[in-house]
Amino acid sequence: KILINYIQLVTLASTIDLNWSAEITTLFGIQDQIGAISEQLVSIDCLLENDQVEVAYLKLLIVSLLVPLIAVIFSIVWIFIKIFSKSEERVKSATDHLLASGFILVFLIHPSILKTAFKLFNCTDLDGSPYMASDLAVQCWTSEHKTWAFGVALPALILWGVGIPLFFGLALAKTRRSRVGPQSDESRLSQKIRFEFFLSGYKARFNYWEMVILYRKFAIASIAVFLTEINRTAQALVCVAALWLAYVIHQWGQPFQRHEYNKLEAYSIIISLITIYCGLYFLIGGLSNGVRVILFLVLVFANLIFVFFWMFLASSTLPRKIRHRCPSTYRKLLETFMAIKTTKGKESS
């Protein structure tokens, strides 16, 4: 979860155009391909090769309707389970797991949907006329563009940027109240299954923290789009201020149960800060090839440290998770390991 948030946050921060070098742009492209899940799922460019203007708008429409589509698909699956299952307990368990899967999917595609909606407002000047930066075939602020921008993109931004995080925040806060309330154990178990992905790793009083992270992504995406017309330097400085505020809030809250997770999350924010800070040097212009290489190596080194730190924590927590969730499997693996160790000991002696 922290790894996904890290990739998505760095990708959003890198969308600010700071005259990046070709090497850094390639690095950002790799990270963007990892984080842009929904864009890969709903790529329809090949279906409408002859009408690129419609592609830009239809991609927005399809991405914006992902939540209703997901709800319809999951409802159909639930109906089939309801019809063919003879156990009410199994139906309830399937419902909880379906909702959990849907919530995780919404979490994964959230930044990509924001980026798709924001693209309609991200325009660049070309021969004195504004055009979409992501698709120069689409001229901005025509009657058609305004219809799509204010009729589809803006409601999508309100829904995904404000509504979805608020929904998760209220739902997660409700799970905290249910722990001390009069609800039954069955109801508590149901809520735990539905929101386990979001609750996992957090302290009880910070179980709403995923809402904070979603709003953080929305703020960075807003800065990357709506401040482009002011000044790139000012835009980068505002982004640095927003990331610094996010770092301060995180350090104040320390929302994770394990200190290592708090350090990992803090470092992911720092990497975004380093990314924008390095970009400020590219805005200066006139950089030698040696300086460009040094800035590129700084970004690569910072990202590698995070990845290695994450891999170390993941490998250290994996045995504990296997022991907790699959005790029989853990016991067999432990017995096999001890048998191999004993055999090697006998052979050496």
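The values are calculated or read from the model by the stated rules, or taken from the named source; none is laboratory data. Bear in mind that the values here come from a model prediction, so they are computed numbers and not experimental data. Quick reminder, even Gly has a Cβ in these numbers, built from the backbone with ideal geometry, and neighbours come from all protein chains shown. Ligands, DNA and RNA are excluded from the accessible area calculation, which covers all protein heavy atoms including side chains. Shrake-Rupley method; radii C 1.70, N 1.55, O 1.52, S 1.80 Å.
Annotations
- Filter result (in contact with a Leu (Cβ under 9 Å, 6 or more places away or on another chain) and in a helix (DSSP H, G or I)) within the range 198-212: Phe198, Leu199, Trp209, Glu210, Met211
- Tally, over the range 241-260, of residues that are assigned to a helix (DSSP H, G or I) and open to solvent by 40 Å² or more (accessible area, probe 1.4 Å): 10
Residue-wise test of (1) modelled with pLDDT under 75; (2) surrounded by 15 or more Cβ atoms within 10 Å (Cβ to Cβ).
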{"site": "Val72", "(1), (2)": "no, no"}
{"site": "Ser75", "(1), (2)": "no, no"}
{"site": "Trp78", "(1), (2)": "yes, yes"}
{"site": "Ile83", "(1), (2)": "yes, no"}
{"site": "Lys86", "(1), (2)": "yes, no"}
{"site": "Gly102", "(1), (2)": "no, yes"}
{"site": "Leu105", "(1), (2)": "no, yes"}
{"site": "His110", "(1), (2)": "no, yes"}
{"site": "Lys115", "(1), (2)": "no, yes"}
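- Looking across the range 44-53, the residues that are open to solvent by 80 Å² or more (accessible area, probe 1.4 Å) and either in a helix (DSSP H, G or I) or at pLDDT 65 or above (or both) come down to Cys46, Leu47.
Yes/no per residue for (1) free of Cβ contacts under 8 Å to residues at least 60 places away in the same chain; (2) among the β-branched types (Val, Ile, Thr); (3) touching a helix residue (DSSP H, G or I) at 6+ places or on another chain (Cβ under 9 Å):
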position: Glu196; (1), (2), (3): no, no, yes
position: Ala204; (1), (2), (3): yes, no, yes
position: Val212; (1), (2), (3): yes, yes, yes
position: Arg216; (1), (2), (3): no, no, yes
position: Ala221; (1), (2), (3): no, no, yes
position: Trp244; (1), (2), (3): yes, no, yes
position: Gln251; (1), (2), (3): yes, no, yes
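- Residue satisfying condition, being surrounded by fewer than 14 Cβ atoms within 10 Å (Cβ to Cβ) and either in contact with a Cys (Cβ under 8 Å, 6 or more places away or on another chain) or among the small types (Gly, Ala, Ser) (or both), within set Ser272, Ser288: Ser288
- Qualifying residue in the range 199-210 (condition: within 20 Å of Asn122 (Cβ to Cβ), open to solvent by less than 30 Å² (accessible area, probe 1.4 Å), of a type in the set (Phe, Trp, Tyr) and modelled with pLDDT of 80 or more): no
- The combined condition, being over 30 Å from Phe121 (Cβ atoms) and touching a strand residue (DSSP E or B) at 6+ places or on another chain (Cβ under 7 Å), is not fulfilled by Asn289.
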